[in-house]
Structure formats: C-alpha cells, structure tokens
Amino acid sequence: MNERIARTRWGASHVIIAVNAVMLVATGFSRNAETLLHFGATYPPAISSGEYWRLITAVFLHGGIFHFLLNAVALMAFGPALETIYGRWRFVLLYLAAGVAGNAVSFAFGPVNSVGVGASGAIFGLLGGFLAFSFRRRHLPIGAQGVRAVMVIAGINLFIGATVPGIDNWAHVGGLLAGALVGLIYEALSRTPLLAGMIGPGAAMIIAGLLVGRRR
C-alpha cells in the first residue's frame with residue numbers, strides 16, 4: 001500500500017516536470033535565443049551539422065516561466081492517466097519518442113532559422129497515445145468520449161498554433177502523430193508489453209531519423 005501511494009505521488013510526470021524546472025532555473029528563466037541554444041534548443045543549421053542531440057535536449061527547455069507552466073499543467077492533465085494505462089517506463093518512452101519526433105518534423109518542414117524549445121510535441125504525443133487507447137475502445141462509451149475529447153482538444157490547440165505567431169505547430173503535429181503511432185503499437189502488442197515498449201518508440205525514432213535525413 002505504501003509503495004502504491006508513493007508511486008501515485010511521485011510518478012514519471014512529476015519527475016519530468018522536475019527536470020524541466022531544473023533546466024528552467026539553469027537557463028535563468030531566459031527567453032534569449034543564444035542562451036537557449038547554449039543549453040540545447042533546436043536550430044536547423046546546428047542539427048544539419050551533426051548536433052542531433054538537440055532533438056532530445058530541447059524537449060526539456062522552455063522559453064520563460066509562462067511557457068513552462070502551460071506545459072506543466074498540460075502534462076499533469078494527461079500524463080498520470082496515460083502512465084496508469086501503459087505503465088511508467090512505456091509512458092516515458094512514448095513521451096520522449098513523441099517529443100523527439102515532433103522536433104524532427106519541425107526540423108524537416110519548419111522554418112530554416114527558427115530556435116525551438118519546449119515539451120509541446122511530447123505533450124501532443126500524450127494526446128496521440130490517449131487517442132490510440134480510446135480508439136481501440138470506441139465501441140464503449142468511455143472510448144467514444146475519449147476520441148471526441150482528444151479530437152476537440154487537439155483541434156483547438158492546432159488551430160491556435162496555426163493562427164498565433166511564434167508557435168511551432170509542426171512540432172505539435174509531429175508529436176501527435178508519433179504518439180498515436182506508439183499508442184497503436186502498444187495496443188496491438190498489449191499482451192507483450194516488453195516487445196511493445198521496444199517496437200513502438202523504435203518505430204517513431206526510425207521515422208524521426210528519416211525526417212532528419214530529408215532536410216540534411
């Protein structure tokens with residue numbers, strides 16, 4: 001019982017937020033592009049020159065406290081439920097795979113000289129994972145409601161991203177699709193969770209690699 005309570009209080013979502021908070025403090029709450037680049041923000045020319053690690057590090061960076069708080073609230077809204085559904089380590093792999101894939105899509109199709117930070121792609125990936133879970137159960141009321149809820153939330157946020165300057169909507173789309181792909185593989189291989197945990201994120205990473213090669 002104590003272990004279960006501890007897991008509820010300190011889930012992977014809390015750890016991810018804590019890491020993001022540490023990085024926010026390390027950057028001095030800065031929104032300055034040069035500072036964020038120093039700490040690992042995405043920048044297409046740098047990635048093209050071989051700094052692929054930026055696709056990962058940018059997931060844990062934010063442009064100021066308001067950006068961080070928005071993503072933290074969204075993560076806590078969907079993260080714990082998805083962690084309960086798929087388990088801690090598969091949840092973390094889905095989150096990271098969606099974040100990296102979102103950054104890869106932004107790199108492949110977004111502006112050439114843009115600096116990118118934030119967990120938005122990864123959080124859209126959680127929406128995609130929840131959509132996959134709900135879609136498989138669409139014949140049940142809870143599944144049908146879940147599909148509608150995700151479509152509405154994703155649609156509103158993608159519309160905002162398409163109309164408000166400065167929002168990296170490519171990362172959002174990429175994260176959403178990658179999360180849905182990983183979630184569908186998790187669902188298809190639900191009887192073999194270890195295999196699902198390798199194939200799902202692995203497939204998203206292969207696609208991300210192909211997208212990076214596309215622009216490079």
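The values are calculated or read from the model by the stated rules, or taken from the named source; none is laboratory data. If you're wondering where the values come from, they're calculated on a predicted model, not measured in any experiment. Cβ coordinates were reconstructed from backbone atoms using ideal geometry, including for glycine residues, and neighbour counts include every protein chain displayed.
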Against the definition (surrounded by fewer than 21 Cβ atoms within 10 Å (Cβ to Cβ), in contact (Cβ under 8 Å) with a residue 12 or more places away in the chain, polar (S, T, N, Q) and within 23 Å of residue 212 (Cα to Cα)), how does residue 120 come out, yes or no? no
Given the criterion surrounded by fewer than 24 Cβ atoms within 10 Å (Cβ to Cβ) and of a type in the set (Val, Ile, Thr), identify the matching residue among 100, 92. 92
State the number of residues belonging to the range 44-66 that are in contact (Cβ under 8 Å) with a residue 24 or more places away in the chain, farther than 18 Å from residue 22 by Cβ and more than 16 Å from the chain's Cα centre (by Cα). 5
Check the range 9-27 and report whether any residue there is exposed (fewer than 13 other Cβ atoms within 10 Å of the Cβ), at pLDDT below 90, over 21 Å from the mean Cα position of the chain (by Cα) and not in a loop (DSSP other than H, G, I, E, B). yes
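Per-residue answers, yes or no, for (1) without any contact (Cβ under 8 Å) to a residue 40 or more places away in the chain; (2) of a type in the set (Ser, Thr, Tyr); (3) touching a helix residue (DSSP H, G or I) at 6+ places or on another chain (Cβ under 9 Å):
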{"site": "161", "(1), (2), (3)": "yes, no, yes"}
{"site": "168", "(1), (2), (3)": "no, no, yes"}
{"site": "173", "(1), (2), (3)": "no, no, yes"}
{"site": "177", "(1), (2), (3)": "no, no, yes"}
{"site": "191", "(1), (2), (3)": "yes, no, no"}
{"site": "204", "(1), (2), (3)": "no, no, yes"}
{"site": "208", "(1), (2), (3)": "no, no, yes"}
For the range 152-179, name all the residues that are crowded, with 22+ Cβ neighbours inside 10 Å and small (Gly, Ala, Ser). 171, 174, 175, 178, 179
Would you confirm whether or not the range 127-143 contains a residue that is exposed (fewer than 15 other Cβ atoms within 10 Å of the Cβ), more than 20 Å from residue 40 (Cβ to Cβ) and among the small types (Gly, Ala, Ser)? no
